[in-house]
Structure formats: structure tokens, C-alpha cells
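Q: I'd like to ask you about the structure that follows.
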Amino acid sequence: MKKAPRTALAMATSAAILGMTLAGCSSGGGEDDTAGSEPVSQADIDEALQTPTELTFWTWVPDIEDEVALFEAAYPAIDVTVENVGQGLDHYQKVRTALEAGDGAPDVIQVEYQYIPSFTLTDSLLDLTPYGAADISGDYVDWAWNQVSSDEGIWAIPQDIGPMGNLYRSDIMAQAGVTEPPATYADYATAAEQVRSATGSYISNLPSNDPAQVTGLLWQAGVRPWSWDGDQTVSIDVNSPEAQEVMTYWQDLIDRDLVGTDADFNDAFYQGLSTGTYAGWLTAAWGPIFLQGTAEATSGQWSAAPLPQWEEGQEVSGNWGGSTDAVLSTTENPIAAAALAQFINHDPESTALFANQQFLFPASTELLADESFTGSEVAFFGGQKVNELFAGIAETVDTDFTWLPFMEFVYSSFNETVGTAIGDRGDLVGALDDWQAQIVRYAEDQGFTVE
Amino acid sequence: MASTTTTHRPTATRRRKQAAAAYLFIAPFFLVFTTMLVVPLGYSLYLSLFQDRLIGGTSFVGLDNYVQALTDSAFFGGLGRMAVFLVVQVPIMLGVALFLALALDSGRARGSKALRLVYFVPYAVPGVVATLMWGYLYGRDFGPIAQLARAVGLDTPTFLDSGSILGSMMNIVTWEYVGYNMIIMYAALRSIPTELYEAAEMDGASQARIAWSIKIPAIRPAILLTVIFSVIGTFQLFNEPSLLDTIAPNAISNAFTPNFYAYNLAFVNQDVNYAAAIAFLLGLFIAVVSYVVQLGSARGERKQESSR
């Protein structure tokens, strides 16, 4: 394993978020820190885009060839090969393996927000600033842009997001006498009790295997479970009093058997959604479309609302999911690769196609404000303008949530600790302590300073 | 001296030629063996002596990874689980396989050719498919077993919680490999000269007696082979935990089996070096256990011979 000495550039990637300046903190070496920051002239860009070029793009997004075709039509000299090497961990493993091997890595990759720091840590992403990315920084929802950029550079272009809301079966709720979506978590607990006693349904399911959803809920509650200074220091606080408060709340619902604790995204879960075992789902903006495929038979009986709030009158949400496109720093065609990542996520025709064909919930503010997107009335939700609702929620996601450069471990460790406690209906707060201990130990083993 | 050389020259040349041909014939194997096994093995041994940290990069740490592994409760937890698996599942599986092989061999069962095929089919089903299929059969809500239990008024049985997952996995593995082991034993049974038990039959020995006193001792080496395969297979379980992990994520921990642990270390924790050390220790452990099994059986054989 070769590791080039880390440069100030790479080490300080998310320093902006913490408001820290890190110039000079690095462990030396400076040969390769200019690659991303040299200004690139418009003439160079124009020339590169007219030179016959072949790009490889690793992504799991289905039918993304259609958006890529729009790019190829705009820049006929560039030929893009789209390859699906797997989704989730498989995908990242292969990218990392190719980077390690120093050969065979693609030019552009799909990457979820939470994994961007793990790639900037290893200097693997190209800073897109010199390639025009800075000019489009205002065109995406703030918090998504914060997650792809830092003072040191712009590392990816947001494609879709997953601001969280509450999808629920209005018919089951009405049967239990709940006519309004619960505004606060206290109301939610009351409603859960009513639904359980009147219909036997759980108000929703808190999955035992989904760190991303629980992280989204913590995000909403204002919990900042971790941070990274972009260099060698991380802080880990997953068992903070605020996080404990959230878990104590769910512990109560679990102990009173008012909420399901099944693993999600398997057959039993899909059946639970379609047969009314769960009367709702605290999910993300991609949830409405997903649900239409999963619970077709219950069309027209669903409604959408914002998440319940911790304080009355608040309007806060968290994010769950979504992804971006990034350019690997090993690319031989940085200009063309950067153009691809930007074009498919910025060109209005392409972003509209993502929203209407792949049903990705857009990160583009222009599209989120577009009547043709927000105005559609969804029969599955009784004619509700679901996109409009979630476009509104997207504005309420807290902007300063960040990620650690080793989220794969953090998530896997969640399943071993908190997830297992949820599934076994055990001690959630105690499990937070275990999760904390595991992350701290891993971070220290990896050479980080833990604050 | 000189005369012997001259008279032997043609033979020596031929011998040399033959040797060259032999080397040529085994060369492809050795080429593949070296590039696909020896080199990767050496490389992982090399990797296991280093530590690669996200901060600080790679450094030579000697045997530190091995020291860490020897005090790693997760690793030993997995080994312990597999030891239980070995002690419980392997005897059941091999017992059933032996019984079926003897039944087929006795010629009493009608349509034994068809039966042989039926028993062997599960082995032909890819492990991935088998595990997914069993995942459905075990399902708590819609699995046929659960539905049947509810229909007759019983509680829904749980096959996939942390208490029962090991048993459920034993069942899957048994189902998968009974046919395979049976075929090995059956093939060995067919090679026993029939005169041996014709004589026994004439002496009035029952089928059970023939099986116990003639057939089983005669296929001892084949049984030993299946035992060794099963020992190795057990400690290397990977597909089943990996696939059941998606169905029962809370019942399967990252270190459920040693192999699954090494995989998670390498690809989730991104600690390739430690994973290599774990894999090496596992290999060593398997070699030792297999050797002990073989030794134990050889001693048993000797004892039997001397008591005769």
C-alpha cells in the first residue's frame, strides 16, 4: 500500500465546516498539491472538450445512460462508458481496490454524501473548483453543497437528496381517531398508542439495520455525533445527552410495543408496508416513489407530512440518502470528467430527466422551485403534491452536519451495537455507549487523535 | 566404467527425455499453482506483517497483528461458534449421509438411481440460491413453516433470531452437503468386493451386522475424507452467514464465522493487514485440527488392528 505524504490541500478538506485553518499542519510533501488548484483557462477547457476523449463512469443509477447521452450529444467528441460495478459497499470496495492498484480506476464515480470524506482523506478526489464548479455553487440546496465542498475545494456535484418526512396511512390513522399528522414527537407517541390499541398496527418501524435512517433522525434532533477537522483529529460523541434523549424516546415506544423493530428493505418489511403492519414510515424524499412500487395495493390511502418535531412550532428535518458524482484525482482527462459530473447534474434537461425518469429527488434549487416538478399531484397520496411538500422540507435540513472519513466502519459498528439493541428490544442508551467505544477504538487504531 | 556409460547412454537419454516430458506435463499445473496460490499466499503473509493506518500510512509491525489476533475475543468467538457447529452438525450430517449410502447400497431401496440423484440435487443448487431459499422457508411472517405453525394454533417459530440462527444454519449446511458426502461414501461402498459380504450373508449375518462389521470398516478412509472435508468446510463457512446477514442482520454479527470476520475486516474496516493475519491463523488452526482428526483416526485404526 502506497500512501503519498498528505498535503495541506487534502488534509484540510472539511476544515471550512469547522472554521479551522490548517495550512501548515500537514505532514510535509507538496509535489502533488497543485494538481487540483491550478487555474484552467476557458480555452483549455474548450479545447479539451473538443478533443476525442474516452471516459469511464462507475455508477449504480439505473438508466443513467440517458443522461449521459445528453452529455455526449452536447460534446460529441467525448465518449463515456457507463459501468455498474455494484451498489453500496461493493461499489466503494471496487473503487478503493482500483485506486490501490493504481490502474483501472474510472474517471467519474457515484458517491454518497457520507463517503466523500473517506475519499478526500486519501487524496482520491479531484478538486472541481478550477473547472467551473465554483460558478454553480449557488444552484444546489445549501446543506447538500456544504457536504460536497470545503474551503479547500469542491469534491463532488450533488445529484439527489433525501430530506426526511413522514409518510403514513391516513385510513389507518383515521380509524384510530388520528386525523392530523402528529406535529411533535409527543403527539407521535400518543398517536402510536391510539393506532396500536384501535387497529393493532405499529405507527412505524424503527429498523434494526439502518444506521442511515437513525442518523437522519439524530440529524433532525440537532445531534452532531461526530466531526472531522480534515486532518488527523476527529471528535466522536454518539452518546451525547441529545442522542440519548432521542434513543430514550424510541426506547419508550419499543418497550410499550408501539413501534416495529424489523430489519428494513427485505420481504417482511415490504409486506409490512403493504399490509398495514406499519401505519407509517419516517422516510426520505425518495420514499414516496419507492412506496408506490412496494405497496401498490394501498394506493390512495397514503399521506405525506413533515417529520414530527422535538419542540412545538419547529420546522427541522434531517437527510437520509442521496448521492453525488465525483471525479477521481487519478483521471487523465480531468476537464472532460469534471464536465461530465457537472453537466448531468446541472443541465436543466438532465436534472429534469433524473427527477422524472429515475425519480431521484433533485438537489438542484432551480428544479425544486419548478412548477412542473412540484405541481404534480400524486394519486398514490390521494392527489397530494408530494414533491412540493418535500421541496419545502429540503429547505429545513440543518446545514452543518458532517461525516467522518470512515463511515463504513461507523455504520457497520452501529449494526453490531445500537441496531442489535433495537432488534432485540434491548437497552438502546447502553448500546450508544458501546457504539461510542467501538468508534473511538477504531479511530485511535487508525492513528486519529480523538477529542 | 567407460563401458557402462556407453551401454547405458541410450537409456539415460530416454530417461532424461521422459523426465523432460513429465516436467512439461506438470508445468501448466505448477504455473497456475504458483501464480494463483503460492504467490497470493506469500503476498498475504507479507501483508500480515504490516499495519496500514488511515493516518500515518504503512509501517512494518512484525508479528503485532498476530499478537492482536490471539487476544481478539471476536475472532475466538467465531472459532468457538464453529467448534460448536463442528461438534453438532458434522456428526449429524455424516451420520445421515452414511445411513443413506448404506441404504442405497443394500439394494433394498427401489429406484435407487433416482433416489441417488434426488439426494444429490441440493449440492448442485448454488449455495447462494440455497440460502435465499431457506431464508424464505424460515421467514417469520410469510414462510411456509411459520404459516403452518400458525394454522395449527402453535406459536410462530423463530429461526432467524440470535438464539436460533446457528441451528438454522446447521440445518441449511446439512441439507446442502448430505448428498455430496453420501456420494463419496456410496462410491467407496461400491468398490468393496461383493464376495466379502456374500460370505457373511451365507453365515447368516443380518444387513445391519454386515454394515457395521464389514462395510463401515471397509470404507473407513472415505469416511475420514468426508470428516476432513467437513472440518475444513465448517471453519471456512462464509456464504451462509454472509447471505443470512441480509435476512437476519441482527442475528449475524460481523465476526459470526472467522472467514466472515476476515472479510469484514478487509472490506468494511479496510484493515487488509489484520484480515490477512486472521486468515493465516485460521488456516493454521484448520491444518492443526485436520491433522489431529487424522492422527486420532490413525491411532484408532492401529488400536483396532492390534486388538484383533
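Q: Return the only residue of A:A183, A:A243, A:A198 being within 21 Å of A:G430 (Cβ to Cβ) and in the same structural domain as A:S303 (by TED's automatic domain parsing).
A: A:A243
Q: When you scan segment B:146-157, how many residues do you find that are within 14 Å of chain A (Cβ to nearest Cβ) and in a helix (DSSP H, G or I)?
A: 2
Q: Would you please name the residue that is farthest from A:P348 (Cα to Cα), looking only at residues in segment A:63-91 that are in contact (Cβ under 8 Å) with a residue 60 or more places away in the chain and hydrophobic (A, V, I, L, M, F, W, C)?
A: Checking each candidate, the answer is A:L89.
Q: Name the residue that is least open to solvent (accessible area, probe 1.4 Å), counting only residues in segment B:52-84 that are among the hydroxyl-bearing types (S, T, Y) and either more than 12 Å from chain A (Cβ to nearest Cβ) or not in a strand (DSSP E or B) (or both).
A: For segment B:52-84, the residue satisfying everything is B:Y66.
Q: Turning to a different aspect of this structure: I want to confirm something. Restricting to segment A:211-247 and keeping residues that are over 20 Å from A:M164 (Cβ atoms) and out of contact with any Pro (no Cβ under 9 Å at 6 or more places or on another chain), which single residue is surrounded by the fewest Cβ atoms within 10 Å (Cβ to Cβ)?
A: The extreme case among them is A:P241.
Q: What is the residue count in segment A:393-451 for residues that are within 13 Å of another protein chain (Cβ to nearest Cβ), assigned to a loop (DSSP other than H, G, I, E, B) and buried (at least 18 other Cβ atoms within 10 Å of the Cβ)?
A: Looking only at that region, the number is 5.
Q: Check B:I214, B:I183, B:I192 and return the single one that is surrounded by fewer than 20 Cβ atoms within 10 Å (Cβ to Cβ) and modelled with pLDDT of 90 or more.
A: Numbers: B:I214 fails: modelled with pLDDT of 90 or more; B:I192 fails: modelled with pLDDT of 90 or more.
Only one candidate qualifies: B:I183.
Q: Can you tell me how many residues in segment B:197-232 are closer than 24 Å to B:M169 by Cβ and free of Cβ contacts under 8 Å to residues at least 60 places away in the same chain?
A: 3
Q: Collect the residues in segment A:360-377 that are open to solvent by 30 Å² or more (accessible area, probe 1.4 Å) and either within 20 Å of A:P306 (Cβ to Cβ) or acidic (D, E) (or both), keeping them in residue-number order.
A: Within segment A:360-377, A:T365, A:E366, A:A369, A:D370, A:E371, A:S376, A:E377 qualify.
Q: Could you please let me know if A:T7 is more than 25 Å from A:I161 (Cβ to Cβ), open to solvent by 70 Å² or more (accessible area, probe 1.4 Å) and modelled with pLDDT under 75?
A: So A:T7 fails the test.
Q: Which of (1) free of Cβ contacts under 8 Å to residues at least 12 places away in the same chain; (2) under 23 Å from A:F290 (Cβ atoms) is the odd one out, the single condition A:Q213 does not satisfy?
A: Going through the list (1) free of Cβ contacts under 8 Å to residues at least 12 places away in the same chain; (2) under 23 Å from A:F290 (Cβ atoms), A:Q213 breaks only (1).
Q: Looking at (1) more than 14 Å from B:S106 (Cα to Cα); (2) modelled with pLDDT under 85; (3) more than 14 Å from every other protein chain (Cβ to nearest Cβ), find the lone condition where B:I232 falls short.
A: B:I232 satisfies all of (1) more than 14 Å from B:S106 (Cα to Cα); (2) modelled with pLDDT under 85; (3) more than 14 Å from every other protein chain (Cβ to nearest Cβ) except (2).
Q: Go through segment B:94-113 and count every residue that is part of a helix (DSSP H, G or I) and of a type in the set (D, E, K, R). Before the answer, list the steps.
A: Residues of segment B:94-113 that are part of a helix (DSSP H, G or I), as a first pass: B:94-106, B:112-113.
Imposing the further condition that a residue be of a type in the set (D, E, K, R) reduces the set to B:105, B:113.
Residues flagged as part of a helix (DSSP H, G or I) and of a type in the set (D, E, K, R) within segment B:94-113 amount to 2.
Q: Given the structure, is A:W281 in a strand (DSSP E or B) and in contact with a helix residue (DSSP H, G or I) (Cβ under 9 Å, 6 or more places away or on another chain)?
A: Considered against the rule, which asks whether it is in a strand (DSSP E or B) and in contact with a helix residue (DSSP H, G or I) (Cβ under 9 Å, 6 or more places away or on another chain), A:W281 comes out as yes.
Q: Taking B:V173 as meeting all but one of (1) touching a residue at least 40 places away in the same chain (Cβ under 8 Å); (2) open to solvent by 50 Å² or more (accessible area, probe 1.4 Å); (3) more than 14 Å from chain A (Cβ to nearest Cβ), write down the number of the exception.
A: Among (1) touching a residue at least 40 places away in the same chain (Cβ under 8 Å); (2) open to solvent by 50 Å² or more (accessible area, probe 1.4 Å); (3) more than 14 Å from chain A (Cβ to nearest Cβ), B:V173 violates only (2).
Q: Test of understanding: among A:S227, A:S208, A:S197, A:S240, which residue is away from chain B (no Cβ under 14 Å) and touching a residue at least 60 places away in the same chain (Cβ under 8 Å)?
A: A:S227
Q: Related question: Return yes or no: is B:L281 away from chain A (no Cβ under 14 Å), crowded, with 19+ Cβ neighbours inside 10 Å and among the hydrophobic types (A, V, I, L, M, F, W, C)?
A: Taking the combined requirement at face value, the residue satisfies it.
Q: Can you pull out every residue in segment A:366-384 that is of a type outside the set (A, V, I, L, M, F, W, C) and in contact (Cβ under 8 Å) with a residue 40 or more places away in the chain?
A: Scanning segment A:366-384 gives A:E366, A:G382, A:Q384.
Q: Could you please find all residues in segment A:155-166 being within 24 Å of A:E311 (Cα to Cα) and buried (at least 24 other Cβ atoms within 10 Å of the Cβ)?
A: A:G162, A:P163, A:M164, A:G165
Q: List, please: which pairs have Cβ atoms under 9 Å, are six or more places apart or on different chains, and start with a residue in segment A:51-62 that is within 11 Å of A:V85 (Cβ to Cβ) and outside the structural domain of A:V327 (by TED's automatic domain parsing) and end with one that is modelled with pLDDT of 95 or more and β-branched (V, I, T)?
A: That search, which allows pairs on different chains as well, returns nothing.
Q: Which condition does B:P10 not pass, out of (1) assigned to a helix (DSSP H, G or I); (2) open to solvent by less than 50 Å² (accessible area, probe 1.4 Å); (3) modelled with pLDDT under 90, if it passes all the others?
A: (2)
Q: If you go through segment A:248-280 one residue at a time, how many are closer than 18 Å to A:V418 by Cα, more than 12 Å from every other protein chain (Cβ to nearest Cβ) and either within 24 Å of the chain's Cα centre (by Cα) or buried (at least 17 other Cβ atoms within 10 Å of the Cβ) (or both)?
A: Of the residues in that region, 6 qualify.
Q: Give the residues of segment A:183-210 that are assigned to a helix (DSSP H, G or I) and either among the hydroxyl-bearing types (S, T, Y) or surrounded by 22 or more Cβ atoms within 10 Å (Cβ to Cβ) (or both), sorted by residue number.
A: Selection gives A:Y185, A:Y188, A:T190, A:A191, A:A192, A:V195, A:S197, A:T199.
Q: Select from segment A:291-320 the residues that are surrounded by fewer than 22 Cβ atoms within 10 Å (Cβ to Cβ) and out of contact with any Ser or Thr (no Cβ under 8 Å at 6 or more places or on another chain) and list them in ascending order.
A: Result: A:G293, A:S299, A:G300, A:A305, A:G313, A:Q314.
The values are calculated or read from the model by the stated rules, or taken from the named source; none is laboratory data. Computed from a prediction, not measured in an experiment: that's the story for all the values here. Note that we place each Cβ from the backbone using ideal geometry, even for glycine, and neighbour counts take in every protein chain shown. What goes into the accessible areas is simple: the full protein's heavy atoms, side chains included, and nothing from ligands, DNA or RNA. Shrake-Rupley method; radii C 1.70, N 1.55, O 1.52, S 1.80 Å.
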